[in-house]
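J.: If you scroll down you'll find the structure; I have some questions about it.
A short reminder: the numbers here are calculations on the coordinates, not readings from a lab. All values reported here derive from a predicted model rather than from experimental measurement. Methodologically, a virtual Cβ is constructed for each residue, glycine included, from the backbone with ideal geometry; neighbour enumeration extends over all protein chains shown.
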Amino acid sequence: MPKAAAPQTIELPKLEIKAIKLLIVGDSPLICHAWSEKAKREMLDKQMKKAKQAKEAKDPEEDYRASLYAHPEGGFGFPAVAFKNAAVDACSHIAGVTKVEARGAFHIVGDMAKLIGEPTPREDMVRVGMGTADIRYRGEFREWSSELLIRFNTNVLSAGQIANLFNTAGFAIGVGEWRPQRDGSFGMFHVG
């Protein structure tokens, strides 16, 4: 009978968590498209097999207002997860850090990043299911910025690498509608 192997000790390096603030500065306009209460209600009604209501008349001003994200402290915001997803996806454009490593190496504090800037309404022609054209009214921040508080594990990434990751994300991925990742040029940013 072979001798049982001696148990091995596994040593895990102590987590070294630090926090940095990054100022994200928009390089191109940011187009918002929050799910309106009306759209969420219509989706839920469809899933619950409720009778379809007659289509309401389009209200451009209401559609514009509903496209904006409110920040819990007042003013406007944008989902923090959009910035994290952009930074994680930016790993496809740099060597040495995988998306899996990045996803666990840093976190943005809070659900909603506060936007600094004033929105204006915009009107766009879009294609929806089966190639049907429609008009969308959304909020656009022509000049915008946001300060992100990021907690990160220094055993995986340094503060400089985090900043570089966000710079790459702002150029190659972007956030919001019609961003570079989706063949557009909106929602681009850099670390200020």
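J.: What is region 1-89's relative contact order, in percent, from Cα pairs under 8 angstrom and six or more apart in sequence?
T.: Over region 1-89, the number comes to 24 percent.
J.: Under the 0.36 nm per residue contour assumption, what length would be gained going from the current alpha-carbon distance of Glu143 and Ile94 to full extension?
T.: Fully extending the segment from Glu143 to Ile94 adds 14.9 nm.
J.: For the chain, take the longest principal axis of its alpha carbons; what is the angle in degrees between that and the long axis of helix 159-172, to the nearest 10 within 0 to 90?
T.: Between the helix axis and the principal axis of the chain, the angle is about 40 degrees.
J.: While we're looking at this one, here's another question. Among [x] -0.52, -0.78, -0.95; [y] -0.62, -0.88, -1.02; [z] -0.51, -0.83, -1.03, find the value of log10 I(q)/I(0) by the Debye sum over Cα atoms at q = 0.10, 0.13, 0.15 Å⁻¹ that was calculated from the structure presented, and write down its label.
T.: [x]
J.: With a 10 Å Cβ neighbour count serving as the proxy for reagent exposure, in which order, fewest first, do Arg136, Arg182, Arg65, Arg127 appear?
T.: Result, fewest neighbours first: Arg127, Arg182, Arg65, Arg136.
J.: Spin-label point model (7 Å from Cα, Cβ direction): what's the Asp124 to Leu44 distance in nm?
T.: 2.6
J.: When the dipole is taken about the Cα centre of region 1-82, and only Lys, Arg (+1) and Asp, Glu (-1) are charged at their Cβ, what size is it in debye, to the nearest 20?
T.: 520
J.: Another one. Could you tell me what fraction of 2.2 N^0.38 Å the Cα radius of gyration of region 151-192 comes to, as a two-decimal ratio?
T.: Rg over 2.2 N^0.38 Å, computed on Cα atoms: 1.31.
J.: What's the FRET efficiency of Arg182 with Lys3 using the Cβ-Cβ distance as r and R₀ = 45 Å, to the nearest 0.05?
T.: Numbers: r = 60 Å, r/R0 = 1.33.
Efficiency, rounded to the nearest 0.05: 0.15.
J.: Roughly how tilted is helix 80-89, in degrees to the nearest 10 and between 0 and 90, from the longest Cα axis of the chain?
T.: Orientation of helix 80-89: about 60 degrees from the principal axis.
J.: Could I ask something else about it? Could you work out the relative contact order of region 96-192, using alpha carbon pairs under 8 angstrom and six or more residues apart, expressed as a whole percent?
T.: Relative contact order here is 22 percent.
J.: Below 8 Å between Cα atoms, with a sequence gap of 6+, how large is the relative contact order for the chain in percent?
T.: 34
J.: Further question: Under unit Cβ charges (Lys, Arg +1; Asp, Glu -1), what dipole magnitude, rounded to 20 debye, does region 1-148 have relative to its Cα centre?
T.: Approximately 720 debye in magnitude.
J.: Once both labels are modelled 7 Å past Cα along the beta-carbon direction, what's the Lys55-Arg103 spacing in nm?
T.: About 3.8 nm separates the two model spin labels.
J.: Next up: With 20 Å as the limit, write out which pairs from Lys58/Lys114; Lys14/Lys99; Lys21/Lys84; Lys21/Lys114; Lys38/Lys58 have Cα-Cα distances beyond it, or answer none.
T.: Lys58/Lys114; Lys14/Lys99
J.: For the chain, what is the calculated [θ] at 222 nm in deg cm²/dmol (nearest 500), taking -39500 (n - 2.57) for each run of four or more DSSP H residues and dividing by its residue count? Can you show the working numbers first?
T.: On the way: 5 runs with 49 residues, N = 192.
Roughly -7500 deg cm²/dmol at 222 nm, from the helical runs in the chain.
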